[in-house]
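Worksheet for the structure shown next.
The values are calculated or read from the model by the stated rules, or taken from the named source; none is laboratory data. Note that the structure is predicted; figures quoted are calculated from it, not measured. Quick reminder, even Gly has a Cβ in these numbers, built from the backbone with ideal geometry, and neighbours come from all protein chains shown.
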Amino acid sequence: MSKRNPRVLVFDSGVGGFSVAACIHRTLPGAELLYVADNAGFPYGDQPEQVVIARCCSLIEACLQEKPCDVIVIACNTASTVVLPHLRARTEIPVVGVVPAIKPASQRTVNRKIGVLATPATVKRPYLDKLIRDFASDCEVVRLGDPNLVRWAEELVSGREPNQHQVNEAMRPLQQIGVDTVVLGCTHYPLLLPWLRESMPDVASWVDSGEAIARRVEYLLKHADRMPLLDGPGELSGAAVGTACFSGPAPAGIERFLEGMGMPVADVKSHWPGLK
């Protein structure tokens with residue numbers, strides 16, 4: 001049997017992790033992607049920590065039984081803050097989490113004013129306090145946890161675009177401070193960049209973790225001697241890059257949405273593998 005190309009499991013509570021999956025695909029076009037979304041439990045920011053831990057671990061383990069993977073990426077800031085040690089204790093597969101890009105933002109800002117866009121749950125996490133204290137203690141850091149941003153990103157799948165006036169209103173706290181750098185502290189938010197840039201044209205740098213995660217995945221595959229054999233996922237049909245699995249109903253329009261991102265998938269599965 002020929003050696004298969006590496007398979008990377010990308011996990012999120014919704015479609016935001018596709019922004020990370022796109023970075024991985026650009027860096028490693030030969031790797032197969034297994035995208036797993038616990039949209040039946042969305043949004044995670046409203047769930048108790050123990051529920052998030054149980055859902056993530058159970059769903060990922062069930063998916064791994066169906067499709068063995070070489071690297072697991074938790075492409076969800078909320079889940080990464082609570083799930084990583086528990087999942088790593090239950091698998092030998094390398095697990096990569098998401099950290100708000102405070103350090104690179106502190107290196108890019110000129111006026112030392114940084115905005116952090118994140119979910120309401122993430123902006124309150126002690127680990128964000130530590131990141132700011134460790135890497136941006138000399139900066140004025142404004143946190144903004146607007147609950148509407150994730151919803152607007154999810155609605156993009158069905159073709160519904162956010163109202164620019166509402167985005168402008170949501171960004172007003174950062175506009176008033178005059179930040180020149182904004183951290184996208186949720187993987188959903190890169191999907192909203194056209195509207196965010198329109199709202200804040202003076203921001204010089206929008207910083208997320210997608211490229212850093214892709215580099216980490218590449219490093220782990222090289223270290224395990226599991227780099228892609230081909231330029232594209234050879235076991236898949238056409239130009240498809242993998243499979244998208246949803247614990248609830250697959251969002252209407254997801255195939256068209258992924259094609260628009262340059263990531264057509266071979267299969268979309270709903271209610272898979274049965275976690276409610």
Here's a check for you: in region 79-130, which residue that is in contact with a helix residue (DSSP H, G or I) (Cβ under 8 Å, 6 or more places away or on another chain) and among the basic types (Lys, Arg) is surrounded by the most Cβ atoms within 10 Å (Cβ to Cβ)?
125
Single residue of 215, 151 found to be within 26 Å of residue 248 (Cβ to Cβ), of a type in the set (Lys, Arg) and either assigned by TED's automatic domain parsing to the domain that holds residue 264 or within 15 Å of the chain's Cα centre (by Cα) (or both)
151
Number of the condition not met by residue 161 [criteria: (1) more than 18 Å from the chain's Cα centre (by Cα); (2) at pLDDT 95 or above; (3) farther than 21 Å from residue 42 by Cβ]
(3)
Say whether the condition of being modelled with pLDDT of 95 or more, in a helix (DSSP H, G or I) and among the hydroxyl-bearing types (Ser, Thr, Tyr) is met by at least one residue in region 180-194.
yes
Out of everything in region 57-81 that is modelled with pLDDT under 95 and within 15 Å of the chain's Cα centre (by Cα), what residue ends up being nearest to residue 15 (Cα to Cα)?
76
When both residues are 6+ apart or on different chains and their Cβ atoms are under 9 Å apart, which pairs have a first residue that lies in region 23-36 and is free of Cβ contacts under 8 Å to residues at least 12 places away in the same chain, and a second that is not hydroxyl-bearing (Ser, Thr, Tyr)?
none
With the structure loaded, tell me whether residue 56 is touching a Cys at 6+ places or on another chain (Cβ under 9 Å), at negative phi and not β-branched (Val, Ile, Thr) or whether it fails that test.
yes
In region 32-41, the residues that are under 18 Å from residue 68 (Cα atoms) and either surrounded by fewer than 20 Cβ atoms within 10 Å (Cβ to Cβ) or touching a Lys or Arg at 6+ places or on another chain (Cβ under 7 Å) (or both)
32, 34
Answer yes or no: is there a residue in region 69-78 that is surrounded by 16 or more Cβ atoms within 10 Å (Cβ to Cβ), of a type in the set (A, V, I, L, M) and over 24 Å from residue 258 (Cα atoms).
no
Given the structure, is residue 44 surrounded by 22 or more Cβ atoms within 10 Å (Cβ to Cβ), modelled with pLDDT under 90, outside the structural domain of residue 187 (by TED's automatic domain parsing) and not charged (D, E, K, R)?
yes
